[in-house]
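Taking it in order: structure first as structure tokens, then the write-up.
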Amino acid sequence: MPKHVIIVGGGIVGLAVAERASRQGHRVTVLEKEAGWAMHQTGRNSGVIHAGPYYRPGSLKAELCTAGNRSMKKFATEQGIPWELTGKLIVATTDKELPALAELRRRSEANNVPFRLLDAEGARSYEPHVAAVAALRIESTGIIDYGAVSRRLAEMVASRGGDLRLSTAVVGIASRADRVIVSTADEEFSGDLLVNCAGLHSDKIARMAGLAPSARIIPFRGEYHELVPERRHLVRGLIYPVPDPELPFLGVHLTRMMDGSVHAGPNAVTALAREGYSWRDIRPSEALGDLAFPGFLRMASNNVGVGFGEVRRSLSQSLFAKSLAKLVPGITKADLVPAKAGVRAQAIRRDGALVDDFLIERTPNQIHVLNAPSPAATASLEIAARIVELAQLD
């Protein structure tokens, strides 16, 4: 029997859920507070189709990323959305990083991610300017414009009669027996199921709906630079460092984009607003609530050195360039120009643990996506399939 599914959030995950549910014959309403689709995490990331070497075997990220790598490429090809198979180098620049690189090799094997282990000469055969003692070559990594994917998903939903509402913020949610009532400033929507895909505001929407979520979103700003056009030749594809295994961030990396530009970044500094794209973006009520959260205080106290280093790099283009020069020694401060920043919605538990997997919680007529940072864009079609299955909509 067809149901009415109300989806809060018009990023790639929310629109993928809408497309999947509408394809199954359900009535769909999407409520997005911005004037366009994919304005935040989806539209401000590196545009990488991830392959899955980083994620703990058996985790949702590992399962859905590797499947999403295939389904995203297939979807883009079928829908005429440009994408490129670039491959990626994950580079160990010192012998101290070799054990962590070996762990990524183990995870790649466990997650069925195609790879090649390279020595320094092998790494330079792919990226002539890279500094490496060893590297993993991940062949199935690609690049795409996730904003274009999101807009196509919205078109597909609209073609099936979906109700797509931009500039429509949710102000109230109430459950009544087998119904859920979602209120905006001008209207009420009554549905059978609420799916919360609100990203940076997902925990707020969950609390509005009466849920006590197991984690709180803390916004981490990722600042990017671009290589000036005359220095783009230094990077052929994607060059990543070996990441800190204790943190869910991949480190400052170099990514060739669909338009030929080369993005450098991101770092990871705590933002002072959920949509804090610069140091000037401050919302005291949001910042005080997030920074006073016991989980944030515990996490920060355990990572003082890392946090201080990220702030210094944020405030110094010279230090940012120095981080990149560890990967490609030819890069200098003069080669960089600032680019659009993003904000990662990172869930943190009360004990200070960073949630390192996708987190989905549900009640009888609600499903809340409470942690879906990278590789959520890659995995979006698979996350949508999982939610539709969980809600018994298929």
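No value in this document is a laboratory result; all are computed from the given coordinates. Every value quoted in this text rests on a predicted model; they were computed, and no experiment measured them. Neighbour counts run over all protein chains shown; Cβ positions are idealised from the backbone, glycine included.
Coupling constants for the stretch 254-271 follow from the phi torsions by the Karplus curve (6.51 cos²θ - 1.76 cosθ + 1.60, θ = phi - 60°), and in residue order they are 10, 9, 6, 9, 4, 8, x, 6, 10, 8, 10, x, x, 7, 8, 10, 5, 7 Hz; glycine and proline get x.
Counting Lys and Arg as +1 and Asp and Glu as -1 over every other residue whose Cβ lies under 12 Å from the Cβ of Val48, the net charge comes to 0.
Normalising the average separation of contacting C-alpha pairs (under 8 angstrom, six or more residues apart) by the number of residues puts the relative contact order of the chain at 24 percent. Labels on offer are [x] 81, 40, 38; [y] 63, 46, 37; [z] 61, 50, 40, and the one holding Cα extents along the principal axes in Å computed from this structure is [y]. Summary of the geometry: the stretch 86-101 and the stretch 1-66, compared by the centres of their Cα atoms, lie 31 Å apart. For the stretch 378-383, 3J(HN,Hα) computed residue by residue from phi via the Karplus equation (6.51, -1.76, 1.60; θ = phi - 60°) reads 4, 8, 4, 5, 6, 4 Hz, glycine and proline entered as x.
Enumerate by residue number the GluC sites (Glu not before Pro) in the stretch 202-268 meeting two conditions: DSSP loop (anything except H, G, I, E, B), and at most 16 other Cβ atoms within 10 Å of the site's Cβ.
Numbers: sites: Glu223, Glu226, Glu230, Glu246; in loops: Glu246.
For GluC sites (Glu not before Pro) across the stretch 202-268 that sit outside H, G, I, E and B with at most 16 neighbouring Cβ atoms in 10 Å, the list reads Glu246.
Just checking the listed ones, His50, His129, His368: in the Gaussian network model of the chain with Cα springs under 10 Å, the one fluctuating most is His129.
Between Met1 and Arg312, full extension at 0.36 nm per residue minus the direct alpha carbon distance yields a gain of 106.3 nm.
Using a ≥ b ≥ c from the Cα gyration tensor of the stretch 242-314 (square roots of the eigenvalues), is it rounded, prolate or oblate, where a/c under 1.5 gives rounded and otherwise the larger of a/b and b/c decides, a/b for prolate? Oblate, since a/c reaches 1.5 and b/c is not below a/b. For Thr363 and Trp279, the difference between the fully extended length at 0.36 nm per residue and the C-alpha to C-alpha distance is 26.5 nm.
A Förster radius of 35 Å combined with the Cβ-Cβ distance from Arg232 to Arg106 puts the calculated FRET efficiency at roughly 0.55.
Distance between the pseudo-spin-label points of Leu319 and Ala35 (7 Å out from Cα toward the beta carbon): 3.7 nm. Between Ala334 and Lys96, the simple label model (points 7 Å from Cα in the Cβ direction) yields a spacing of 3.0 nm. A DSSP coil position with no more than 16 other Cβ atoms inside 10 Å describes the following GluC sites (Glu not before Pro) in the stretch 105-150: Glu139. Amide H contacts of Ser175: Ile181, each under 5 Å away and 5 or more positions distant or on a separate chain (H built 1.01 Å from N in the peptide plane; Pro and chain starts excluded). Among Asp356, Asp192, Asp203, the largest mean-square fluctuation in a Gaussian network model of the chain, built with springs joining Cα atoms closer than 10 Å, belongs to Asp192.
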